[in-house]
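Written below as structure tokens is the structure these notes are about.
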Amino acid sequence: MKPFYKIIHTSSRILWGNREKRILCESLWMKEKGHQVTIVAPGDSPLFDKAKQNGLTVYPISFKSLARIGEYGRLKQIFDGEQPFVVNAHGKGDAKLALKTAQTMGVPCRIMSRHNGERVKGTWPNKKIYKTRCHYVFTNSKDTTANLKQTFALSDMHIFSIPDGITLPDAAANQATKTAARQKLANILGLETDARFIGIFGKIEPQSLSMLCKTADQLGRRFPYHHLVIAGSSEKQAPMDEKIYPHVHMLPQAEENNARLYPALDCCIYLPDTRNFYQGVPLEVTGAMAGFCPVIGPDAPGIRDILIDNQTGRVFDPRHSESLLKIISWTLDAPQAVQTLTQAARTLVEQHYTMDAMGRHILRIYRLRLIKINRKFQTTL
């Protein structure tokens, strides 16, 4: 008989990003497998609303420092009432309070999830979070795991790399919709139906936009039908005059709709956040690879986990725009080689980056903790 787990996830952010998507998707997967999942998050956060809409139990906690004394008591009540086997904190803002409360209440399995690769200082408060108050640390990249192991002297059985999982698009349907997807995108942008597209994802900063415009201008001399489409752009991103750069287009859209965009692209480029070089495995990269869209990404930690040059994609030096231009040109000129890359990329995602792969990995760790607790209990009898 498979064990049944009661799981509580905590989050302090009032945002809707990859971290919150991970929490919600993981929770719904666990619910589908028969486990009980509760979300503790700010009542005005998108995660709280979406969790409630999807039938998960939710509790509003702000995790603000000024409310910490009262919320500590509230968390104790929640944990006492729910009796969870797992409490998983997802950021420093909620970990301080949630893991402290979980430790006080004797929650059997306490987890700290680290969702980006930004370096964590080995301070005393951080040591309490990563070594004392949690049993396990989850990261979403090998680089982050290696760094945290060194910083806090964590063992291999204390920290695990578990990248965010995705839902695989149907392979046959994806291939069949490519022409229709291109024509639809051309219509949205007001272009001729024979237009071809290169998608741009990630952090579009002013210097990145300048580089992209220069690249598009040079690329247009050899590939006049190709356009660069910046996906998911917002008012916060750098402005651009499309009259001056007719081959570069902003496409405002929700990140959840990226999957619909991939079939329209001849390739996609992921740009890193220059202020945070250390990142996890981006969902934009795994999503494109799952959709048979060739990916060009920076030679950066996290991305190296999945994007292997000339095997599952292409890697460029983010310090040199000439490197990117050369690789884009190769991708558009070498359809047979690209087909081999995209098939290998899809296979890699199928094996290691799906929701099922992520969920099974997490359940194995829960099971390890349960076995350890049972063995400890038996030795005391």
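The values are calculated or read from the model by the stated rules, or taken from the named source; none is laboratory data. The structure displayed is predicted, hence computed values, not measured ones. Reconstructed Cβ throughout: ideal geometry from the backbone, glycine too, with neighbour counts over all protein chains shown. To get the accessible areas, we keep the full protein, side chains included, count just its heavy atoms, and leave off ligands, DNA and RNA. Shrake-Rupley method; radii C 1.70, N 1.55, O 1.52, S 1.80 Å.
Mind checking which residues of the stretch 338-362 are of a type outside the set (D, E, K, R) and either free of Cβ contacts under 8 Å to residues at least 12 places away in the same chain or not in a helix (DSSP H, G or I) (or both)? Break it down into steps so the answer makes sense when it comes.
We begin by selecting, within the stretch 338-362, every residue of a type outside the set (D, E, K, R); these are 338-345, 347-349, 351-355, 357-359, 361-362.
Correct list: Gln339, Thr340, Thr347, Gln351, Tyr353, Thr354.
Quick grid of which residues meet (1) of a type in the set (A, V, I, L, M); (2) closer than 20 Å to Cys25 by Cβ:
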position: Pro318; (1), (2): no, no
position: Leu324; (1), (2): yes, no
position: Gln343; (1), (2): no, no
position: Leu348; (1), (2): yes, yes
position: Met358; (1), (2): yes, yes
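Taking the criterion of being buried (at least 17 other Cβ atoms within 10 Å of the Cβ), of a type in the set (A, V, I, L, M) and part of a helix (DSSP H, G or I), would at least one residue in the stretch 300-315 satisfy it? Working first, answer last.
Step one: of the stretch 300-315, the residues buried (at least 17 other Cβ atoms within 10 Å of the Cβ) are 300-307, 312-315.
Checking the rest, the ones that are also of a type in the set (A, V, I, L, M) come to 300, 303, 306-307, 315.
Checking the rest, the ones that are also part of a helix (DSSP H, G or I) come to 303.
Within the stretch 300-315 (the criterion being buried (at least 17 other Cβ atoms within 10 Å of the Cβ), of a type in the set (A, V, I, L, M) and part of a helix (DSSP H, G or I)), the answer is yes, since at least one residue qualifies.
Taking the criterion of being out of contact with any strand residue (DSSP E or B) (no Cβ under 8 Å at 6 or more places or on another chain), aliphatic (A, V, I, L, M) and assigned to a loop (DSSP other than H, G, I, E, B), the only residue of the stretch 136-155 that qualifies is Ala153. Among the residues of this structure, Ile162 counts as one that is of a type outside the set (D, E, K, R) and within 22 Å of Glu350 (Cα to Cα). Contact map, the stretch 172-192: first residue closer than 16 Å to His249 by Cα, second residue outside any helix (DSSP H, G or I) and hydroxyl-bearing (Ser, Thr, Tyr), Cβ cut-off under 6 Å, separation 6 or more or different chains; pairs are Gln183/Thr193; Ala186/Thr193. Considering the stretch 1-118, the qualifying helices (runs of 4 or more DSSP H), each wholly inside and each with 3 or more residues that are in contact with a Ser or Thr (Cβ under 7 Å, 6 or more places away or on another chain), open to solvent by less than 70 Å² (accessible area, probe 1.4 Å) and at pLDDT 95 or above, run over 68-82. Of the residues making up the stretch 119-139, just one is of a type in the set (S, T, N, Q) and either surrounded by 22 or more Cβ atoms within 10 Å (Cβ to Cβ) or in contact (Cβ under 8 Å) with a residue 40 or more places away in the chain (or both), namely Thr139. Check whether at least one residue in the stretch 284-291 is hydrophobic (A, V, I, L, M, F, W, C), over 16 Å from Leu168 (Cα atoms), crowded, with 23+ Cβ neighbours inside 10 Å and in contact (Cβ under 8 Å) with a residue 24 or more places away in the chain, and report yes or no. No, that holds for no residue.
Applying the selection to the stretch 358-378, what residues are aliphatic (A, V, I, L, M) and more than 16 Å from Pro282 (Cα to Cα)? Listed by number, the residues that qualify are Ile362, Leu363, Ile365, Leu368, Leu370, Ile371, Ile373. Scanning the stretch 6-40 for residues that are among the hydrophobic types (A, V, I, L, M, F, W, C) and in contact (Cβ under 8 Å) with a residue 40 or more places away in the chain turns up Ile7, Ile8, Ile23, Cys25, Trp29, Met30, Val40.
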